[in-house]
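Heads up, the thing below is written out as structure tokens.
Where a number appears in this text, it was derived from the coordinates with a stated rule and is not lab data. As the structure is a prediction and not an experimental result, all values here were calculated from the model. A quick note on method: Cβ atoms are made from the backbone with ideal geometry, for glycine too, and the neighbour counts reach across all protein chains shown.
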Amino acid sequence: MIEIIGPLIHSASAPAASPSTASRTDTGAAAAGDKPAPLQKQLIERLQQAILTGRLPAGSLLPSSRLLAAEMGVSRNTVVIAYEHLAAVGYVVADKKGTRVSPLSSPTARGEHQVQPAAPEAFYATRVGQFGATRTHADNTLPLTPGTPALDRFPLGAWRRALERSMERALPLALGYGAPAGEPALREAIATHLRVSRGVRCDGSQVVITEGAQEALNLCVRLFTDPGDIAWVEDPGYRGAKAAFNLGDLTTLPMPVDLEGMAVPADAWRAHPPKLIYTSPAHQYPTGAVLSVARRLELIAQARRSGAWLIEDDYDGEFRHTGEPIASMQGLVPDAPVLYVGSFSKTMFPALRIGFVVLPGAIAEQAAVALQEMLRGGHRLEQLALAHFIESGEFGRHLGRMRRLYRERQQALRDALTTHFEPSQILGGNCGMHLTLRLPPRIPDRLLAERALAARLNPRALSGFALQPRDETNGLVIGYGNTSAEQLAPAIAVLAGLMGEMAGARVA
Ligand SMILES: Cc1ncc(COP(=O)(O)O)c(C=O)c1O
């Protein structure tokens, strides 16, 4: 047997028991630090491995406990306990002749020739192959990272108090499952806030709380599409939308974007009728275009005509920097076929993982039963704390402070960029926490982003957001949310230097 399972490793401090002293158990030689595992555990694992790999084929008779104890240099009790354990979990069975290996389902365990495993990708569903490796795993708190808010300016004290308050008032009941669509107090607080600040037509019953905007997008796909349906996305556009569409086995069609936002070709409605249309009208991600009112009205009218739903992703519309606030598309006309998606990832912090979708009133009612089955109410303390944070005015004050801060930071970034580049290369900036810089084709954006990362800067390659990369999608998406005004000029000088090296000349 020892040739099959190998010798056991005996602890130096607990020398192997000789067969003649075979009455104690050997579990005392417990593994600690680099000590070997207890002999009983080692024996169980060795036998399991030998059975699973077919070295001990199904039906083979194991030696008696006395014989094996003598051979392995352990107490008989150790072997008896190991056999009992293996019998309890089904590796062996005891019959009249002794202890036998059970028939297991794996071919190797049955002693059959080992089959070469298929390539790992063969195990995945086809849709998994559609995910491009466009996300870098860079530290998303590095300077110039798009989408990360000013984490060091978040009012932690007020948030801690809100959490403590919800613990004091809602425990222990809030440890149980919550309402599937989220805490009613938070749904109401969000609806009130959205009516006032974003012009969304809604009440709390239409708000479904989700784990960030991403789950809201997934939910829209599940509620409103069947596999194979057509979905349009802005190109370049938000990768999270494409990911949600892939998960729903939708046929995703790229829609070009220009300075007025998503530009739908005239024949697209007839040629490729969509079921879902993803758009970020307040601040197109990532080019920063604001969808014009004419296009908003046209999208709404056409979607209505063709039975499509518009997903309005208002991810950073709260941070409006120029002119009057642009209200939501959802509120533009009554009963617009719009699923309004929002997130607290930018307005609070990304790790909070709270977002929401505002469903049209009638749909919210009809979907209630499905939502009961699809969702589980969790993160209740955070939701209750957030409701209080909003109702108490803390959220509004934080937004006001952040709006001013981001405005300042954007100006510093713009100043730094115009020192090195033409103003016409700079896109966006009406809202949010990033600007986009177009690059000439001779500076490949992914290469530049890689080199920037080596210099501990994390702007993203614009082409990484494109379904169909073109000359116009060569650029950098540069975040200023989490980068102080003082850091911006030196950081942009580093980028310009890298570009100079790449081009072998000054880039302008
Ligand atoms: C366009 C867009 N929508 C939504 C989100 C927020 O997603 P989530 O709430 O899942 O963090 C982001 C975050 O980067 C984004 O860029």
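Our note on the geometry: Cα centres of region 283-325 and region 431-477, 23 Å apart. Under the definition of Cα pairs under 8 Å and six or more residues apart, what whole-number percent is the relative contact order of region 154-396? For region 154-396, the relative contact order is 29 percent. With a simple spin-label model that places each label point 7 Å from the Cα along the Cα-to-Cβ direction, the separation between R446 and D267 comes to 3.2 nm. Between the alpha-carbon centres of region 351-383 and region 481-499 there is a gap of 40 Å. Across the chain, the relative contact order, built from alpha-carbon pairs under 8 Å that are at least six residues apart, equals 17 percent. The tail of the calculated P(r) for region 153-217 beyond 16 Å holds 62 percent of all Cα-Cα pairs. Considering only beta bridges that DSSP places wholly inside region 154-396, some 40 percent are antiparallel.
For the chain, DSSP calls about 60 percent of its internal beta bridges antiparallel. Sorted fewest first by neighbouring Cβ atoms within 10 angstrom, L437, L219, L375 come out as L375, L437, L219. Within the straight-line cut-off of under 16 Å between alpha carbons, the lysines reachable from K242 are K275, sequence neighbours fewer than 8 places apart in one chain being disregarded. Going from the residue with the fewest nearby Cβ atoms within 10 Å to the one with the most, Y124, Y480, Y238 rank Y124, Y238, Y480. Using alpha-carbon pairs under 8 Å, 6+ residues apart, how would you state the relative contact order of region 358-458 in percent? With pairs under 8 Å counted, the relative contact order is 12 percent. Ranking P146, Q206, A125 by Cα position along the charge dipole of region 123-208, where only Lys, Arg, Asp and Glu carry charges on their C-beta atoms, puts Q206 farthest toward the positive end.
If only the Cβ of Lys and Arg carry +1 and only the Cβ of Asp and Glu carry -1, the dipole of the chain around its Cα centre is close to 820 debye. Dipole check for region 154-396: with +1 at the C-beta of Lys and Arg, -1 at the C-beta of Asp and Glu, and the Cα centre as origin, the magnitude is about 220 Debye. Each Lys or Arg adds one and each Asp or Glu subtracts one; over the other residues with Cβ under 13 Å from the Cβ of R296, this totals -2. Placing unit charges on the Cβ atoms of the charged side chains and taking the dipole of the chain about its Cα centre, the candidate lying farthest along the positive direction among L297, P7, F245 is P7. Counting only residues at least eight positions apart within a chain, or on another chain, the aspartates and glutamates with an alpha carbon under 19 Å from that of K35 are D26, E45. Each 20 Å bin, from zero up to the one with the longest distance, holds this percent of the alpha carbon pairs of the chain: 19, 37, 25, 17, 1.
Each residue in I390, I363 was given a count of other beta-carbon atoms within 10 angstrom of its own, and listing them fewest first yields I363, I390.
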